[in-house]
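The values are calculated or read from the model by the stated rules, or taken from the named source; none is laboratory data. Nothing here was measured: the structure is a model prediction, and the numbers come from that model. Methodologically, a virtual Cβ is constructed for each residue, glycine included, from the backbone with ideal geometry; neighbour enumeration extends over all protein chains shown.
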Amino acid sequence: MSLAVVLVEPAGPLNVGSVARLCANFEIPQLRLVTPRCDHLGAEARQMAVHGETVLEQAQLYPNLAAALSDCQRVVATSGRMETESLPLSDPAPALSWLWEGAQGPAAAALVFGREDRGLSNGELLQAGRVVRLDTSEAYASLNLSHAVAICLHELQNCRAQTDGRPLIQTALNESAGELCKRGDLEAALADAEALLLEVGFLYPHTAEARMAKLRALLQRAQVQQQEVALLRGMVRQLRWASQRQTP
């Protein structure tokens, strides 16, 4: 299994330590931290980690979410909002089942949680293949970070119990013939596309971010495969070369 819990800019060492303990509880092998705003190896974090202290010590640090997800094929992000401007919200059970299936292969899969005070930005949510919201009261939807992680990992444990000793369901078998692309490859293709579209005047600097967000959402919904993203990047590079040479 190659599954990671990713925390984006966690500010509370108690939360980070609690999440490390949860990773140990549910046998999640990796904890990834994106620019933590606390000492994740300090006394408070270690106090809460208990027997998850090894997970805490081996946690990997990343400068941004894109770097943390670059090797991942399947990503589920969490949001406390009732709706998002990025991808449609999914129910936790099917989204986490989809994530669990992907985690059984050689490529990495990730479950992403946002900042304690403001969650994930729209741009960060667009780096996920699924976005889930836990079913809480509309009057106060936001959960404590470690509590949200506990609920999601418990749901993943249910997925594990349902699949242990049995073949993966057909959707996973179908995708093995054409694997989903890794996040890093998709982001590289999008960066090439943005450069081309700026050069030819389809995009303007002041609107590029918003329009590229719509393109990113479209590709995420399509669940682009590795061969397809390679084809897309090759097309964009050839078009950019021809544009720069001003040839037909």
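When you check Leu134 against the structure, is it assigned by TED's automatic domain parsing to the domain that holds Ala77 and surrounded by 23 or more Cβ atoms within 10 Å (Cβ to Cβ), yes or no? Spelling it out, it is not the case that Leu134 is assigned by TED's automatic domain parsing to the domain that holds Ala77 and surrounded by 23 or more Cβ atoms within 10 Å (Cβ to Cβ).
Within the set Leu203, Leu232, the sole residue that is under 30 Å from Ala108 (Cα atoms) and either more than 21 Å from the chain's Cα centre (by Cα) or free of Cβ contacts under 8 Å to residues at least 40 places away in the same chain (or both) turns out to be Leu232.
It is to be established whether one or more residues within the stretch 137-145 are under 21 Å from Pro13 (Cα atoms) and in contact with a Pro (Cβ under 8 Å, 6 or more places away or on another chain). Even if it seems obvious, please write down each step before you answer.
The first filter runs over the stretch 137-145 and keeps only residues under 21 Å from Pro13 (Cα atoms), leaving 142-145.
Retained after the next criterion (residues that are in contact with a Pro (Cβ under 8 Å, 6 or more places away or on another chain)): 145.
Yes, the conditions are met somewhere in the stretch 137-145.
Specify the residue that is nearest to Gly102 (Cα to Cα); the eligible residues are those in the stretch 25-56 that are hydrophobic (A, V, I, L, M, F, W, C) and surrounded by fewer than 19 Cβ atoms within 10 Å (Cβ to Cβ). Only one residue tops the list, namely Phe26. Report yes if some residue within the stretch 109-123 is of a type in the set (Gly, Ala, Ser), in contact with an Asp or Glu (Cβ under 7 Å, 6 or more places away or on another chain) and not in a loop (DSSP other than H, G, I, E, B); otherwise report no. No, the stretch 109-123 contains no residue that is of a type in the set (Gly, Ala, Ser), in contact with an Asp or Glu (Cβ under 7 Å, 6 or more places away or on another chain) and not in a loop (DSSP other than H, G, I, E, B).
If you check Ala222 against the conditions, is it surrounded by 12 or more Cβ atoms within 10 Å (Cβ to Cβ) and not assigned by TED's automatic domain parsing to the domain that holds Pro88? I'd like the intermediate steps shown before the answer.
Working: surrounded by 12 or more Cβ atoms within 10 Å (Cβ to Cβ): no; not assigned by TED's automatic domain parsing to the domain that holds Pro88: yes.
Against the criterion (surrounded by 12 or more Cβ atoms within 10 Å (Cβ to Cβ) and not assigned by TED's automatic domain parsing to the domain that holds Pro88), Ala222 does not qualify.
Within the set Glu44, Glu101, Glu9, the sole residue that is farther than 30 Å from Leu215 by Cβ and charged (D, E, K, R) turns out to be Glu44.
A quick yes/no check of all residues on (1) farther than 22 Å from Ala11 by Cα; (2) modelled with pLDDT of 90 or more; (3) of a type in the set (Gly, Ala, Ser):
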{"position": "Gly119", "(1), (2), (3)": "no, yes, yes"}
{"position": "Gln127", "(1), (2), (3)": "no, yes, no"}
{"position": "Pro167", "(1), (2), (3)": "yes, no, no"}
{"position": "Glu199", "(1), (2), (3)": "yes, no, no"}
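The stretch 180-248 holds helices (runs of 4 or more DSSP H) entirely within its bounds, and those carrying 2 or more residues that are more than 18 Å from Leu125 (Cα to Cα) map to 183-199, 226-245. Out of Arg21, Arg46, Arg32, one residue alone is assigned by TED's automatic domain parsing to the domain that holds Arg74 and more than 27 Å from Asn158 (Cα to Cα). It is Arg46. Would a scan of the stretch 90-100 turn up a residue that is under 15 Å from the mean Cα position of the chain (by Cα), surrounded by 19 or more Cβ atoms within 10 Å (Cβ to Cβ), under 21 Å from Ala188 (Cβ atoms) and not β-branched (Val, Ile, Thr)? Looking for residues that are under 15 Å from the mean Cα position of the chain (by Cα), surrounded by 19 or more Cβ atoms within 10 Å (Cβ to Cβ), under 21 Å from Ala188 (Cβ atoms) and not β-branched (Val, Ile, Thr), one finds none in the stretch 90-100, hence no.
Working only within the stretch 28-49, note down all residues that are among the aliphatic types (A, V, I, L, M) and within 19 Å of Ala148 (Cα to Cα).
Of everything in the stretch 28-49, those that are among the aliphatic types (A, V, I, L, M) and within 19 Å of Ala148 (Cα to Cα) turn out to be Ile28, Leu31, Leu33, Val34, Ala45, Met48, Ala49.
For Gln157, indicate whether it is within 21 Å of Cys23 (Cα to Cα), in the same structural domain as Pro29 (by TED's automatic domain parsing) and surrounded by 14 or more Cβ atoms within 10 Å (Cβ to Cβ). Here the answer is yes, as Gln157 does meet what is asked.
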